[in-house]
Amino acid sequence: MPKKYQFELPFDVDLDHHVKKTYPEIRDFRTISKSLDARGAPRGKKPNYLYVLEALVEKNDKYSDPESFPQLKPLKQKPIIIGAGPGGLFCAVRLAEYGIPSIIIERGDEASKRMLYIAKFWRYGELNPETNVCYGEGGAGLFSDGKLITRIKSNLVSYVMEKFVDFGAPPETAYVSNPHLGSNKIRTIISKISDWLREKGCVLHYNTKVERLLLNGKKVIGVHLSNGEKLYSDHVVLAAGHSAQDLYQHLVDIEVAMKPKDFAVGVRVEHSRRYIDSLQHGKFSEAPEIGSARYRLSWHDKWSDRGVYSFCMCPGGYVLSSGTEKEGIVVNGMSNYARNSPWSNAALVVSVKAEKDLKDKDLLAGLRFQHEIEQKAYALSIKHATGRELPAMTIKEFMNGKLTDRPLPKTSSPSGVFKVNLHEIFPAFVVEHLKNGLREFDRDLPGFIHEDGLLIAPETRTSAPLTIIRDKNTMLSASHQGLYPCGEGAGYAGGITSAAVDGVKCALSILYQEGLLTQV
């Protein structure tokens with residue numbers, strides 16, 4: 001049996017050399033885990049990498065064989081998967097590995113073509129409402145950095161990472177802590193996944209919208225498409241993402257069981273990459289072995305019971321306009337694999353309590369809350385610019401609540417920015433909690449409130465503002481048989497990895513329901 005070795009190693013020491021010198025008994029090894037500990041770097045302590053290795057020592061030791069998948073008998077009707085984001089694609093992949101092809105329906109275009117539409121939007125403000133940063137093959141995650149960070153605990157996480165490697169991700173994706181593919185690499189990987197699915201007999205429909213679900217009483221029996229076609233199946237996976245507002249309205253109309261969910265809104269904060277690198281890595285900040293610095297900041301206001309936190313941190317990245325409606329502005333962040341742009345950014349958001357903060361108590365109140373902020377941002381852009389540029393002010397201006405005559409610092413956003421008081425966009429509680437959170441973050445990371453630090457708004461599509469209720473064991477809708485709510489849009493994921501894991505779980509559930517697998 002392979003043996004496990006765990007140790008720390010200075011960041012600039014070669015792993016192979018260290019293993020040969022320190023563990024001569026090892027015949028061969030592979031890395032199971034690698035994570036950077038740079039907490040002491042600002043004080044001059046050399047960063048270390050923490051390694052876990054699986055090693056062959058004894059003569060008969062060998063690595064475990066890859067997981068095998070028995071080929072199952074085909075279903076009478078192919079499962080239908082709505083949405084070709086990570087949840088939908090990985091649902092299809094897992095089914096196909098068992099020999100079960102599916103039908104995937106995506107309202108937007110292929111991953112390879114999405115960039116053509118998005119570039120027009122960033123440069124000229126020409127929005128395609130069906131193919132954009134949120135809609136299209138690969139989902140919103142295709143243009144939000146390709147980060148595979150997740151906090152969920154599941155044995156399926158390693159499966160998802162290994163699948164990404166199989167489809168072309170760098171080998172370290174399978175073992176490095178918080179792996180990052182970059183938006184440029186993940187687009188190619190998504191295309192390879194789709195090509196493989198076609199080879200396995202799957203049918204992919206692009207630029208095709210699901211207008212409504214077909215019902216027989218409270219049982220979902222298929223879908224009605226925007227081209228007039230009707231497709232039928234006993235299993236419909238709903239993995240449409242967190243921005244499918246019109247589909248949410250349809251679910252309300254047919255009384256699918258749902259409930260409001262807490263979410264978060266806020267801003268993108270952008271600094272110079274070199275500045276953030278120096279704050280986090282000190283004198284080691286230019287070492288190529290470490291790369292661009294990340295941070296994760298959080299603060300909980302015990303009096304209001306609200307969290308203020310960073311997420312989707314993009315070292316060496318860009319701030320992007322990510323709206324899906326012509327009269328609304330939304331921002332997001334991304335970076336390419338090299339993470340070498342001159343800027344680093346992250347979302348800074350405040351939790352919104354569905355029960356406390358939403359004036360209306362209907363299921364779509366959270367969507368309207370998001371839209372109101374997005375529309376205010378657009379109205380200000382029309383007033384002060386062209387409607388394409390993003391609202392922005394410096395961190396210090398935001399803290400003081402007023403603008404200065406100082407020009408805004410340069411930004412990574414291809415859409416451009418204009419100066420405006422962001423207090424005009426958000427409800428008062430969001431503004432106050434952002435200010436308080438920034439003060440706390442400046443204590444945790446001294447210098448975070450920097451004169452060239454920029455806030456760009458609004459970040460509103462952090463997660464779905466509702467949950468489509470499902471059974472924990474079967475993954476089926478609590479109200480409609482045959483419907484499998486899946487991923488971020490259903491309220492069960494918060495990123496590429498967790499959405500992919502949820503898609504795999506839905507695939508396994510379909511096979512359990514058909515009696516093709518025995519649930520453990």
Report task. Mind counting the residues in segment 180-221 that are part of a helix (DSSP H, G or I), modelled with pLDDT under 95 and in contact with a Leu (Cβ under 8 Å, 6 or more places away or on another chain)? Result -> 5
Report task. Scan segment 356-375 and report the pairs whose first residue is among the charged types (D, E, K, R) and whose second residue is crowded, with 20+ Cβ neighbours inside 10 Å, with Cβ atoms within less than 8 Å and a gap of 6+ or a chain change. Result -> 357/369; 361/260; 374/323; 374/328; 374/329; 374/330; 374/458; 374/460
Query raised in the report: Looking at this structure, is residue 411 surrounded by fewer than 24 Cβ atoms within 10 Å (Cβ to Cβ), over 30 Å from residue 509 (Cβ atoms) and among the hydroxyl-bearing types (Ser, Thr, Tyr)?
Result: yes
Query raised in the report: Which one of the conditions (1) within 30 Å of residue 469 (Cα to Cα); (2) among the aliphatic types (A, V, I, L, M); (3) touching a Lys or Arg at 6+ places or on another chain (Cβ under 9 Å) does residue 181 fail to meet, given that it meets all the rest?
Result: (1)
Query raised in the report: What are the residues in segment 91-114 that are part of a loop (DSSP other than H, G, I, E, B) and surrounded by fewer than 24 Cβ atoms within 10 Å (Cβ to Cβ), if any?
Result: 98, 99, 101, 109, 110
Query - Restricting segment 268-293 to residues that are hydrophobic (A, V, I, L, M, F, W, C) and assigned to a helix (DSSP H, G or I), the residue that is nearest to residue 311 (Cα to Cα) - result: 276
Report summary line: Counted residues in segment 1-19 being farther than 13 Å from residue 56 by Cα and assigned to a helix (DSSP H, G or I) come to 4
Query raised in the report: Within segment 459-517, can you find the residues that are assigned to a loop (DSSP other than H, G, I, E, B), under 29 Å from residue 330 (Cα atoms), in contact with a helix residue (DSSP H, G or I) (Cβ under 6 Å, 6 or more places away or on another chain) and hydrophobic (A, V, I, L, M, F, W, C)?
Result: 464, 486, 493
Query raised in the report: When you look at residue 223, is it touching a strand residue (DSSP E or B) at 6+ places or on another chain (Cβ under 8 Å), buried (at least 18 other Cβ atoms within 10 Å of the Cβ) and not assigned by TED's automatic domain parsing to the domain that holds residue 449, yes or no?
Result: yes
Query raised in the report: Restricting the first residue to segment 472-486 and requiring it to be free of Cβ contacts under 8 Å to residues at least 40 places away in the same chain, which pairs with a second residue that is surrounded by 22 or more Cβ atoms within 10 Å (Cβ to Cβ) and outside any strand (DSSP E or B) meet a Cβ separation below 6 Å and a spacing of at least six or different chains?
Result: 474/509; 475/506; 475/509
Requested in this report: Might you let me know whether segment 435-445 holds any residue that is within 22 Å of residue 257 (Cβ to Cβ) and buried (at least 24 other Cβ atoms within 10 Å of the Cβ)?
Outcome: no
Query raised in the report: Of the residues in segment 162-179, how many are without any contact (Cβ under 8 Å) to a residue 60 or more places away in the chain, assigned to a helix (DSSP H, G or I) and surrounded by 20 or more Cβ atoms within 10 Å (Cβ to Cβ)?
Result: 3
Report task. Give the residues of segment 116-137 that are of a type outside the set (Ser, Thr, Tyr), buried (at least 17 other Cβ atoms within 10 Å of the Cβ) and not in a loop (DSSP other than H, G, I, E, B), sorted by residue number. Result -> 118, 121, 122
Query raised in the report: When segment 100-115 is examined, which residues are found to be small (Gly, Ala, Ser) and touching a Phe, Trp or Tyr at 6+ places or on another chain (Cβ under 8 Å)?
Result: 108
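The values are calculated or read from the model by the stated rules, or taken from the named source; none is laboratory data. These figures come from a predicted structure and were not determined experimentally. Note that we place each Cβ from the backbone using ideal geometry, even for glycine, and neighbour counts take in every protein chain shown.
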